[in-house]
Amino acid sequence: MELNFSFLGKYWPMFIRGAGTTLILSVFTVVIGLIVGIVLALMRLGKFKPISLISAAYTEFIRGTPLMVQIFFIFYALPQMGLKIPQITGLGFDFPRFASGILAMGLNSAAYVGEIVRAGIQAVDKGQTEAARSLGMTGWQTMRHVVLPQAFKNILPALGNEFVTVIKESSIVMTIGITELMFNTSQVYSSSFRYFESLIICALVYFVMTFTTSRLLGVMERRMKRSA
Amino acid sequence: MPDSLNKNDVILEVRDLTMRFGKLDVLKGVNTVVRRGEVIVVIGASGAGKSTFLRCLNRLEMPSSGDILFEGESVVHAGRNLNALRERIGMVFQQFNLFNNLNVLDNITLAPTLVKKADKAKAEEEARALLRRVGLEDKASAFPAQLSGGQRQRIAIVRALAMHPDVMLFDEPTSALDPEMVGEVLDVMQRLAADGMTMVVVSHEMGFARKVANRILFMEDGVIAEDGSPEQIFEHPKSERLREFLSKVLH
């Protein structure tokens, strides 16, 4: 057995571009996941039962079905029903393909983030809400200025883990042809036939991304702890 | 307070208030009025319904039946108006409940700027003036976690005062404090009373009740069992229950 990394001279830009796409994909996924997740949590915790049930049903369904089914559903099944994401020309990439991937990943992540946010909100002492309401603040003002900031601090570690998970799981969108890190790696080994070396490089690049992310979040956490 | 005061002096009127938690009757028909400028201390054994009664006054608890009128307006049936009523009813909690995510100054100015749309600079100026009155002007940029219980409670009082309430409710304000910090909080409350603030205080501090209150309500088993001046309550208790209670707490 011998290792030969000389193919990198020709193919290294593939790994870099793939990693870039993976990161962009992951950031958009987490942003969508967080926004939709907060909405799901607020729906779930609200007093209006039907809305709360919709949120619970969504969460259960998304968590109970495979991510790949969801991705294929948005990329292949919805366009068949006429729900097409329009092509935007001049971007230099296939917008509907990329948007489908982000949307599916984001809506999937939202189901998990929603549960994280819900737990974070419930962990904020009830006295905080009572104090705000007794001053005449509305429910939303209380949520926005008192509860959510404290909930966010509680859940930052869990959100960080979710970001790391998303970076890794985004490799699945290679199945709809998004040229992220895993897809590009497969391109490299099928032209160079260096499977072992390609996958080692691929794994290392993933690891650098996840490790850096969790370190950065650790720093942020410590900062927030100091501030209050 | 003499009965000759006219009806306009009534700030809170409580009518047949009842409260059920599951099978437990916590309040069984409470009737009373609070007049402007009165300092009322509510005493009684734990479980008598004191805190529940107080928390009904600004509807942190929804009573099962009965009504509360704040200057003639129903608190119980207030719809969208509830927040406007709460602005004028300040509340201080046993556990302080300062906003943990905000520093002292922001704790005080948050509600005035959000609810009353007060100018931020003016609100801060007033907050600093209030902090000076309770001797904590140097703590403006501290976070709640960095303060002692006594300091937190004084700031909680200032936070409520910044809304210019017509009446202040105190729910066992010194019960969570270390003994050496009780005095500094009671001092602030006593000065507030001297300034003419209308106050309803649930407390076990009998010394404070005797010195500062002009009316004492003794609650027992979900009703107001006795209602009178400190002198009547402490020197001439009418019921055996009150005598028993006093003999336990005064030693």
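Worth a mention:
- Dipole magnitude (debye, nearest 20) for chain A, charges at Cβ of Lys, Arg, Asp, Glu: 680
- Counting DSSP beta bridges with both ends in region B:56-205, the antiparallel % (nearest 5): 20
- Computed about the Cα centre, the dipole magnitude for region B:1-149 is approximately 240 debye when only Lys and Arg (+1) and Asp and Glu (-1) carry charge, each at its Cβ.
- Of the residues A:G33, A:G177, A:G18, the one that moves most in a GNM of chain A with alpha-carbon contacts below 10 Å is A:G177.
- In region B:69-196, taking the dipole from charged Cβ atoms about the Cα centre, the farthest positive-side position among B:L169, B:Q153, B:N81 is held by B:N81.
- Rounded to the nearest 20 debye, dipole of the protein assembly as shown from Cβ charges on Lys, Arg, Asp, Glu: 1220
- Averaged over the residues of peptide B:83-90, the number of Cβ atoms from other protein chains lying within 10 Å of each residue's Cβ is 3.
- In chain B, the calculated helix contribution to ellipticity at 222 nm averages -11000 deg cm²/dmol per residue, counting -39,500 (n - 2.57) for every DSSP H run with n ≥ 4.
- Between the C-alpha center of region A:125-172 and that of region A:74-121 there is a gap of 24 Å.
- Taken along the Cα-to-beta-carbon direction at a fixed 7 Å, the label points for B:A142 and A:K10 span 7.0 nm.
- Over chain A, relative contact order from alpha-carbon pairs under 8 Å, at least 6 apart, %: 31
- For B:P165, neighbours were defined as the other residues whose beta-carbon sits under 10 Å from its Cβ, and their charges (Lys and Arg +1, Asp and Glu -1) total 0.
- By the beta-carbon count within 10 Å of each Cβ, the least crowded to most crowded order of B:D16, B:D166, fewest first, is B:D16, B:D166.
- Compactness of chain B was expressed as the Cα radius of gyration divided by 2.2 N^0.38 Å, which yields 1.01.
- Environment charge at B:A142 (Cβ cut-off 13 Å; Lys +1, Arg +1, Asp -1, Glu -1): 0
- As a calculated quantity, the FRET efficiency between B:S239 and A:Q122 at R0 = 60 Å, using C-beta atoms, amounts to about 0.85.
- Estimated FRET transfer efficiency (B:R15, A:L53; beta-carbon r; R0 30 Å; 0.05): 0.20
- Of A:K49/A:K225; A:K153/B:K23; A:K47/B:K117; A:K84/A:K168; A:K153/B:K139; A:K49/A:K153, those spanning more than 31 Å from alpha-carbon to alpha-carbon: A:K49/A:K225; A:K153/B:K23
- Taking every C-alpha pair closer than 8 Å and separated by at least 6 residues, the mean separation divided by the residue count of region B:176-248 gives a relative contact order of 18 percent.
- Share of pairwise Cα separations in chain A, more than 23 Å, in percent: 58
- Inter-centroid distance (Cα atoms) of region B:198-251 relative to region B:136-176, Å: 25
- Of A:T129, A:T213, A:T138, the residue with the greatest mean-square motion in the GNM of chain A, using alpha carbon springs below 10 Å, is A:T138.
- Cα long-axis angle, helix A:181-192 against chain A (0 to 90 degrees, to the nearest 10): 10
- The GNM of chain B, with springs linking C-alpha atoms under 10 angstrom apart, assigns the highest mean-square fluctuation among B:G66, B:G79, B:G149 to B:G79.
- For chain B, DSSP calls about 55 percent of its internal beta bridges antiparallel.
- Full extension of the chain between A:K225 and A:V27 gives 68.9 nm of extra length, using 0.36 nm per residue less the Cα-Cα distance.
- Beta bridges from DSSP with both residues in the protein assembly as shown: antiparallel share about 55 percent, rounded to the nearest 5.
- Neighbouring Cβ atoms from other chains, within 10 Å of the Cβ of residues in B:164-172, number 1 on average.
- HN-Hα J in Hz across region B:134-150 - Karplus 6.51, -1.76, 1.60, θ = phi - 60°, x for Gly and Pro: 9, x, 10, 4, 7, 9, 3, 9, 7, 9, x, 5, 8, 10, 6, x, x
- Simple rule: put +1 on each Lys or Arg Cβ and -1 on each Asp or Glu Cβ in the protein assembly as shown, find the dipole, and look at B:V115, B:C56, B:G22; the Cα lying farthest toward the positive end is B:V115.
- Other residues with beta-carbon under 11 Å from the beta-carbon of A:S100 carry, at +1 per Lys or Arg and -1 per Asp or Glu, a net charge of +1.
- Ranked list, fewest to most other Cβ atoms within 10 Å of each Cβ, for A:M137, A:M1: A:M1, A:M137
- Table column - 3J(HN,Hα) (Hz), region A:108-114, Karplus curve with 6.51, -1.76, 1.60, x for Gly and Pro: 5, 4, 4, 5, 6, 4, x
No lab work stands behind these numbers, since they all come straight from the coordinates. This is a predicted model, so every value here is computed, not measured. Using ideal geometry, Cβ is built from the backbone for each residue, glycine included, and neighbour counts are taken over all protein chains shown.
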